[in-house]
Amino acid sequence: EAQVTQNPRYLITVTGKKLTVTCSQNMNHEYMSWYRQDPGLGLRQIYYSMNVEVTDKGDVPEGYKVSRKEKRNFPLILESPSPNQTSLYFCASSFGQGVGETQYFGPGTRLLVL
Amino acid sequence: AQSVTQLDSQVPVFEEAPVELRCNYSSSVSVYLFWYVQYPNQGLQLLLKYLSGSTLVKGINGFEAEFNKSQTSFHLRKPSVHISDTAEYFCAVSDHGTSYDKVIFGPGTSLSVIP
């Protein structure tokens, strides 16, 4: 089944404790992206990657890191989480990065930083 | 810069009644437009999209949307809603940038279908 998977789905942590949220897609998509969803703000892009070893900042990159060592994986790293990073996070992928491509979303990771 | 406005944050509607979810965007260039749906505790999935051609776009689950360039709108409609349509709906616009098509999402509209 074609899908985007994220782990963990739910995470409670404390301020400053490094964490990684994994994202994997099995559709051989070139483009991958991370979003955070907050009430009343919709989805805001954190980072994106147009291919292996190619990543770039989105609208809200502060406090986050990413890497793209393999085409299928795009982990999101919070080196020192803070309470303002409490949010719902989505990973997405698409075949290309242009011409109105449809993005396929993972199920989301709900993060609470105490 | 691109922006997307969804005027209604919450829309309650009775089952089998029609519904319209409004979306307006700002852009100085040609755009691609999308509607995504997010069912409870799930990720987003594409309902429909407008790339070019006919301004009336039909999507999954009986939804359709009409692109109105003069009013910069892309409202979503369904003639008769079902309980299973209860979800969050996001309008999105694709910005034709120099390197890739950046997608801007609206704040979302929560549709609640009342039995």
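The values are calculated or read from the model by the stated rules, or taken from the named source; none is laboratory data. Here the structure is a predicted model, which means the values were calculated and not measured. Heads up, the Cβs are rebuilt from the backbone with ideal geometry, glycines too, and the neighbour counts pull from every protein chain shown. When the accessible area is computed, the model is the full protein with side chains, heavy atoms only, and any ligands, DNA or RNA have been set aside. Shrake-Rupley method; radii C 1.70, N 1.55, O 1.52, S 1.80 Å.
Some points to look at:
- Residue B:104 meets the conditions (1) hydrophobic (A, V, I, L, M, F, W, C); (2) over 12 Å from residue B:22 (Cα atoms); (3) at pLDDT 95 or above; (4) not in a loop (DSSP other than H, G, I, E, B) in every case but one. The failed one is (3).
- Conditions (1) at pLDDT below 95; (2) among the β-branched types (Val, Ile, Thr); (3) part of a strand (DSSP E or B): number failed by residue A:77: (1)
- Number of the condition not met by residue A:93 [criteria: (1) open to solvent by less than 50 Å² (accessible area, probe 1.4 Å); (2) more than 9 Å from chain B (Cβ to nearest Cβ); (3) among the small types (Gly, Ala, Ser); (4) part of a loop (DSSP other than H, G, I, E, B)]: (4)
- Residue match in region B:87-106 (condition: away from every other protein chain (no Cβ under 14 Å) and touching a residue at least 12 places away in the same chain (Cβ under 8 Å)): no
- Test: residue in region B:49-57 that is at negative phi, among the β-branched types (Val, Ile, Thr) and open to solvent by less than 30 Å² (accessible area, probe 1.4 Å): yes
- Residue satisfying all of: in region A:1-27; free of Cβ contacts under 8 Å to residues at least 60 places away in the same chain and surrounded by fewer than 17 Cβ atoms within 10 Å (Cβ to Cβ); farthest from residue A:73 (Cα to Cα) among these: A:1
Rundown of residues vs (1) assigned to a strand (DSSP E or B); (2) open to solvent by 50 Å² or more (accessible area, probe 1.4 Å), yes/no style:
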{"position": "B:4", "(1), (2)": "yes, no"}
{"position": "B:8", "(1), (2)": "no, no"}
{"position": "B:29", "(1), (2)": "no, yes"}
{"position": "B:35", "(1), (2)": "yes, no"}
{"position": "B:47", "(1), (2)": "yes, no"}
{"position": "B:67", "(1), (2)": "yes, no"}
{"position": "B:70", "(1), (2)": "no, yes"}
{"position": "B:80", "(1), (2)": "no, yes"}
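- Selection status of residue A:60, open to solvent by 10 Å² or more (accessible area, probe 1.4 Å) and either closer than 16 Å to residue A:108 by Cα or more than 12 Å from chain B (Cβ to nearest Cβ) (or both): yes
- Flag if residue A:48 is of a type outside the set (S, T, N, Q), more than 18 Å from residue A:113 (Cβ to Cβ) and either part of a strand (DSSP E or B) or away from every other protein chain (no Cβ under 14 Å) (or both): yes
- Verdict on residue A:104 being surrounded by 14 or more Cβ atoms within 10 Å (Cβ to Cβ), in contact (Cβ under 8 Å) with a residue 60 or more places away in the chain and touching a Lys or Arg at 6+ places or on another chain (Cβ under 6 Å): no
- Flag for residue A:112 being among the aliphatic types (A, V, I, L, M) and open to solvent by 40 Å² or more (accessible area, probe 1.4 Å): yes
- Residues of region A:17-32 classified as at pLDDT 95 or above and in contact with a Gly (Cβ under 7 Å, 6 or more places away or on another chain), total: 1
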